[in-house]
């Protein structure tokens, strides 16, 4: 379920470097890493989803011949943990995340030693088989039962990033429970699509009674509808666990929120969302819900300010299992963390993103979703940097407030969750979670 994406505007392209001759220490070391035996397995696991023909990365890393000219830059980017993109702090909170592409210190060290040794190829007998990817125009969830399309958009060959919204009628004539869902631009359009989020406006307050639109005091509507799914590079669609479903109602109006960037040629694109349903008459045990856990109060970021804090809170009315967390801010976004405040006053850090980058839209889906008792408060804390030190800041001399434009700001934690019965909560809380016990404090 992990979703992450790339932005050419963020300077994704790696610089071409000239390799130095192997160092004496490396030459004397009989265990010098080679591409085929040591580096290629890392690439196959964490890089080639994006770095392959037809995807948005500027070069393929499927073969030694592909990767060799970029070796020095690969070392630099992985050493800084800029690649693969993964902004979650792996040392705190819940550490086991689905489809985590991040590299271990050992893997980073292996790549560095390979480059320092002159990037040797190694024996082809050691080369791992490349992953099998579906065709670029196919649905990874299988053929959908229902497809909804956005209007066509034309992104010019040159120009500023475009952030926009499309609203269309779903065409659904009956309520249906969603089993799996996927968002896809056209094959050509994917090079220009930074991300696309799909929401549904529907009369679902009877079931999603916590999801009603929320307006902050400055009038900003913090709810774009019920969040259904998102397209970013690396996302292969969402397939819900058996017995878990998301509701889409008859007459729902679909909101496509899109971000395009120019790629040097004109691109025409149409975003599609494909839905696979449970059988008619099916009633799920769990209803998957989404909450935009937004800042309470005004977003007020003075010009030049570097550490402006905002907080948002959501009290769980029932025992709850938290499925995923996605921080969302704009260009001034700096950091965000999510914690639980238990009814007895204890606090527990769930996830921390200490170096948020608005160019990467990453969702962190928990491998073993945590559960919380009724009355627990989920608390998100965000920080914004409106100073010149922020490389993404378009204008540090301007005050920034809350709003839907990208030049405005947001402080939102997207969360997906399900409510549990008391019996299910008692059963689910027994296994130990992969959090640091010392994080629990008064």
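The values are calculated or read from the model by the stated rules, or taken from the named source; none is laboratory data. For clarity, every value in this text was computed on a predicted model and none was experimentally measured. No Cβ is skipped: glycine too gets one built from the backbone with ideal geometry, and neighbour counts run over all protein chains shown.
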Q | Matching residues in the range 339-369 - criterion: being surrounded by 22 or more Cβ atoms within 10 Å (Cβ to Cβ) and over 15 Å from the mean Cα position of the chain (by Cα) | A | 350
Q) Regarding residue 49, is this residue in a loop (DSSP other than H, G, I, E, B), touching a strand residue (DSSP E or B) at 6+ places or on another chain (Cβ under 8 Å), modelled with pLDDT under 95 and farther than 30 Å from residue 380 by Cα? A) no
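Yes/no matrix, rows are residues, columns are (1) without any contact (Cβ under 8 Å) to a residue 24 or more places away in the chain; (2) in contact with a strand residue (DSSP E or B) (Cβ under 9 Å, 6 or more places away or on another chain); (3) closer than 30 Å to residue 287 by Cβ:
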site	(1), (2), (3)
114	no, no, no
136	no, no, no
156	no, yes, no
173	no, no, yes
Q. So which of 144, 151 ends up being touching a strand residue (DSSP E or B) at 6+ places or on another chain (Cβ under 7 Å), at pLDDT 95 or above, within 26 Å of residue 405 (Cβ to Cβ) and surrounded by fewer than 21 Cβ atoms within 10 Å (Cβ to Cβ)?
A. 151
Q. Quick one: how many residues across the range 393-404 are closer than 13 Å to residue 358 by Cβ and surrounded by fewer than 17 Cβ atoms within 10 Å (Cβ to Cβ)?
A. 1
Q: Note down all Cβ pairs under 9 Å where the first residue falls in the range 314-340 and is free of Cβ contacts under 8 Å to residues at least 40 places away in the same chain and outside the structural domain of residue 407 (by TED's automatic domain parsing), the second is buried (at least 21 other Cβ atoms within 10 Å of the Cβ) and not in a strand (DSSP E or B), and they're at least six residues apart or on different chains.
A: none
Q.
Let me spell it out: the conditions are (1) outside the structural domain of residue 228 (by TED's automatic domain parsing); (2) under 22 Å from the mean Cα position of the chain (by Cα); (3) surrounded by 16 or more Cβ atoms within 10 Å (Cβ to Cβ), and residue 131 meets all of them except one. Which number is the exception?
A. (3)
Q.
When you check residue 229 against the structure, is it at pLDDT 90 or above and touching a strand residue (DSSP E or B) at 6+ places or on another chain (Cβ under 8 Å), yes or no?
A. yes
Q) If you go through the range 257-266 one residue at a time, do you hit one that is in the same structural domain as residue 200 (by TED's automatic domain parsing) and under 18 Å from residue 146 (Cβ atoms)? A) no
Q | Hey, residue 381 touching a residue at least 60 places away in the same chain (Cβ under 8 Å), assigned by TED's automatic domain parsing to the domain that holds residue 425, touching a strand residue (DSSP E or B) at 6+ places or on another chain (Cβ under 6 Å) and closer than 22 Å to residue 231 by Cα or not | A | no
**Q.** Meets criteria (farther than 20 Å from residue 126 by Cβ and either without any contact (Cβ under 8 Å) to a residue 12 or more places away in the chain or surrounded by fewer than 16 Cβ atoms within 10 Å (Cβ to Cβ) (or both)) for residue 84
**A.** no
Q) Is it true that residue 61 is within 30 Å of residue 185 (Cα to Cα) and touching a residue at least 24 places away in the same chain (Cβ under 8 Å)? A) no
Q. Would a scan of the range 173-187 turn up a residue that is more than 21 Å from residue 84 (Cβ to Cβ) and either modelled with pLDDT under 90 or in the same structural domain as residue 34 (by TED's automatic domain parsing) (or both)?
A. yes
Q.
For residue 122, only one of the following conditions fails: (1) within 27 Å of the chain's Cα centre (by Cα); (2) assigned by TED's automatic domain parsing to the domain that holds residue 34. What is its number?
A. (1)
Q) Among the residues of the range 93-112, which ones are crowded, with 17+ Cβ neighbours inside 10 Å, part of a loop (DSSP other than H, G, I, E, B) and in contact with a strand residue (DSSP E or B) (Cβ under 7 Å, 6 or more places away or on another chain)? A) 93, 94
